[in-house]
1. Consider K208 carefully, then state whether it is charged (D, E, K, R) and more than 20 Å from S67 (Cα to Cα).
2. Pull out all pairs, ordered by first then second residue, where Cβ-Cβ is under 9 Å, the residues are six or more apart or on different chains, the first lies in segment 193-221 and is without any contact (Cβ under 8 Å) to a residue 24 or more places away in the chain, and the second is of a type in the set (A, V, I, L, M) and not in a loop (DSSP other than H, G, I, E, B).
3. List pairs: first residue in segment 230-242 and in a loop (DSSP other than H, G, I, E, B) and at pLDDT 85 or above, second residue among the polar types (S, T, N, Q) and surrounded by 16 or more Cβ atoms within 10 Å (Cβ to Cβ) anywhere in the structure, Cβ distance under 6 angstrom, at least six positions apart or on different chains.
4. Looking at L179, L202, which one is open to solvent by less than 30 Å² (accessible area, probe 1.4 Å), outside any loop (DSSP other than H, G, I, E, B) and within 22 Å of N114 (Cβ to Cβ)?
5. What are the residue pairs meeting all of these: first residue in segment 42-70, first residue free of Cβ contacts under 8 Å to residues at least 60 places away in the same chain, second residue open to solvent by 40 Å² or more (accessible area, probe 1.4 Å) and part of a helix (DSSP H, G or I), Cβ atoms under 7 Å, and 6 or more apart or on different chains?
6. Could you grab the pairs with beta carbons closer than 9 Å, sequence gap of 6+ or different chains, first residue in segment 18-38 and closer than 15 Å to L63 by Cβ, second one surrounded by fewer than 11 Cβ atoms within 10 Å (Cβ to Cβ)?
7. Can you name the residue in segment 16-33 that is at pLDDT 90 or above and not basic (K, R) and, of all such residues, is most open to solvent (accessible area, probe 1.4 Å)?
Amino acid sequence: MSDCDTTSVSTAANHIVQIRDLTKRYTEGGETRSVLRGVNADVREGEFVALSGPSGSGKTTLLNLISGIDTPTGGDVMIDSVPITRLSEKERTLFRRRNIGFVFQFFNLIPTLNIGENLLLPLQLNRYDRNESRGIVVQALEQVGLGDRQDSYPDRLSGGEKQRVAIARALVHDPKVILADEPTGNLDADTGMAIMSLMGELARSSGKTMIVVSHSDTVIEMAERVLTVVDGQLVERAHTYA
């Protein structure tokens, strides 16, 4: 595929994320601003997609629409064939809670809960058995190399350790899709590379689909596909692996 071909691409049958004619407009100070204009894209199950573009181009807006945190002005998002843009707010919340894991730039750990409790929370919200949940939490922390930090609080961890916890939390309830917004943006280059390698390895080993918003060349080089937001549209750039 050539550089900047419009992304209504991928005809494989196993699409887990489908975006159709997605539009988002905001009204500010009496003026309407179009952030996304008729965006189309497909993401296959198990795929690692990087979402790039200039600051303010609409990357985070698109991620919020994919997750159902925000609603579009027009168009549809389907995850695993469920049209989440047509669900009620309560239905979207329940769907997101069960099917989507999030990793954020600033970790978003709850400071009053220890690490184990931060990971227990999504399991409790999904009504997992309490005894089963504790075993799942221990296993998740061991996967990210923090099996001995279950009783520690977030303020006792380094930035890299906090992001490892955030990755474990995103995966702990076995979601279909992982969405990450600048997951290395608050880390130094070496720590960021280690975090992305870990996240990619865990997502691939469990067959998760991963969509990552990032400016990082490291993230873009690791991704299987790169989609760029340009003037409210999504374009796919040719990917050259290092």
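1. No.
2. Once the first residue is without any contact (Cβ under 8 Å) to a residue 24 or more places away in the chain and sits in segment 193-221, its partners that are of a type in the set (A, V, I, L, M) and not in a loop (DSSP other than H, G, I, E, B) give E221/A50.
3. Correct list of pairs: empty, since none qualify.
4. Unique residue meeting the criteria: L202.
5. Qualifying pairs under 7 Å: G68/R96; D70/N64.
6. Matching pairs, first to second residue: V35/G56.
7. First, pick out the residues of segment 16-33 that are at pLDDT 90 or above: 16-25.
Those still in the list that are not basic (K, R) too: 16-19, 21-23.
Details: I16: 12, V17: 1, Q18: 42, I19: 6, D21: 95, L22: 0, T23: 26 Å².
Ranking the qualifying residues of segment 16-33, first place goes to D21.
So that you can scan it fast, the table gives a plain yes or no per residue for (1) surrounded by fewer than 20 Cβ atoms within 10 Å (Cβ to Cβ); (2) more than 15 Å from D174 (Cα to Cα):
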| residue | (1), (2) |
| --- | --- |
| S67 | no, yes |
| P72 | no, yes |
| I84 | no, yes |
| K90 | yes, yes |
| I110 | yes, yes |
| L119 | no, no |
| Y128 | yes, no |
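The values are calculated or read from the model by the stated rules, or taken from the named source; none is laboratory data. Keep in mind that what you see is a predicted model, and the values were worked out from it rather than measured. Neighbour counts run over all protein chains shown; Cβ positions are idealised from the backbone, glycine included. Ligands, DNA and RNA are excluded from the accessible area calculation, which covers all protein heavy atoms including side chains. Shrake-Rupley method; radii C 1.70, N 1.55, O 1.52, S 1.80 Å.
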